[in-house]
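Down below is the structure, laid out as structure tokens.
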Amino acid sequence: MDKNSKIYVAGHKGLVGSAIVRNLIQKGYTKIIGKTHSELDLTDQRAVQAFFKEENPEYVFLAAAHVGGINANSAYPADFIYINLEIQNNIIKAAHDVKVKKLLFLGSSCIYPKLCPQPIKEEYLLNGYLETTNEAYALAKIAGLKMCQYFKRQYGDNFISCMPTNLYGPWDNFDLETAHVMPALIRKIHEAKISNSPFVEIWGSGKPLREFLYVDDMADGCIFLMENYDGEEHVNIGTGKEITIKELAEMVKEAAKFKGQLKFNLDMPDGTLRKLLDINKLTKLGWKHQVQINDGITRVYEWFTKNYYGTICV
Ligand code: GFB
């Protein structure tokens, strides 16, 4: 990409897309375009086609998706598969039609089989059945990465894919019903502290292991791949480190200085017990994350208390 290449970031207002925009600006890219949901409905094929014809972007980061935590994924599987297939089909096909120079599709570590060996190598894809709590979302994301492969194979389009692990950072979704675990715990523990609650509820057993990547690191990894990778196979993006949900809750407690107890609600699902990505492929290409988890939690906690809690909740 040249510094004045026209770059479209689909989903530029979300956790992932906004981090990609921040990172592109930091790196000196000047022509970044984005459209809000009200300006462009990405599930509307005609509107997406018209937008691509009019703007003619040279590079596309496909970071727009209908996302949510374990509860939202389990409760609304029809929405997760339908909306995500629509968004990615429309963008990938429109990018092909206007001959963009390169497109990066973002998936998720939940695409891998529930019981596959750990850490998870890229080649384990489609070796077994999926985790039921996020099967619909995973199927859409698998279709997206395969579509990129097939357009590359059949038409020579330079469409690549990456599969980030669990992400966290500023501008996340802090709605407790639909959030991922990190923003949910930050909010719950902060609220427990200010209401002097003796405990905070944690869903599930606290035993599942998760790998967490700070979203600005992920953005940096995405731009690194856009600049350095043209392969057909997708690439994992993670830290290579995992912690239990209980350990995560203890860390958030520490950041928030909350002294109460953790109360595990076993009526809520654990989801998959482990999904640690093998990051050797990306490491060999020359990229590594920077932000360690304690530092990342502190940053997001501070962001939440200043920007979210300060303005929206109070
Ligand atoms: O982040 P999370 O919602 O999704 O949950 P997944 C991770 C773990 O944290 C689960 C536990 O074991 C939850 O039971 N947990 C504890 C909580 N307390 C809470 C809480 O208050 N809220 C939430 N949300 N979880 C998602 C997939 O799976 O991962 C998506 O559903 C996507 O498709 C995403 O792939 C990255 O890590 O289980």
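Things to note:
- Length gained on full extension, Trp303 to Asp2, computed as 0.36 nm times the residue gap minus the Cα-Cα distance: 105.1 nm.
- Computed magnitude of the charge dipole of the chain (debye, nearest 20; Cβ of K, R +1, Cβ of D, E -1): 460
- Ignoring aspartates and glutamates fewer than eight residues from Lys257 along the same chain, the ones with Cα atoms less than 19 angstrom from its Cα are Glu191, Glu201, Glu247, Asp295, Glu302.
- Under the shape rule built on the C-alpha gyration tensor, where the axes satisfy a ≥ b ≥ c, the chain is prolate, since a/c reaches at least 1.5 and a/b is greater than b/c.
- Per residue solvent-accessible surface (Å²) - region 6-313, probe of 1.4 Å: 45
- Only beta bridges with both residues in the chain are counted; by DSSP, about 5 percent of them are antiparallel.
- Neighbour-limited loop hits for chymotrypsin sites (Phe, Trp or Tyr not before Pro), region 105-175 (at most 13 other Cβ within 10 Å; DSSP other than H, G, I, E, B): Tyr129
- Linear extension gain, Lys27 paired with Val98, 0.36 nm per residue minus alpha-carbon span: 23.0 nm
- Rounded if a/c under 1.5, otherwise prolate or oblate - region 265-305, Cα gyration tensor axes: oblate
- Among Tyr137, Ile83, Ile120 - extreme Cα towards positive end, dipole of region 6-313, charges at beta-carbon: Ile120
- Carbon-plus-sulfur accessible fraction, the chain (probe radius 1.4 Å, protein heavy atoms only): 51%.
- Whether region 52-125 is rounded, prolate or oblate, judged on the alpha carbon gyration tensor where a/c under 1.5 counts as rounded: oblate
- Longest site-free stretch - the chain; sites: GluC sites (Glu not before Pro), DSSP loop, at most 16 other Cβ within 10 Å: 40-176
- Taking a sphere under 12 Å around the Cβ of Leu167 and counting the other residues whose Cβ falls inside, with K and R at +1 and D and E at -1, yields a net charge of -3.
- Sequence-distant lysines (8 or more away, or on other chains) whose Cα lies within less than 25 Å of Lys93: Lys6, Lys13, Lys31, Lys35, Lys53, Lys101, Lys102, Lys141, Lys146, Lys152
The values are calculated or read from the model by the stated rules, or taken from the named source; none is laboratory data. Just so it is clear, the structure is predicted and the values come from calculations on it, not from any experiment. Here Cβ is always computed from backbone atoms with ideal geometry, including for glycine, and neighbour counts include all displayed protein chains. Surface areas here come from the heavy atoms of the whole protein model, side chains and all, with no ligands, DNA or RNA. Shrake-Rupley method; radii C 1.70, N 1.55, O 1.52, S 1.80 Å.
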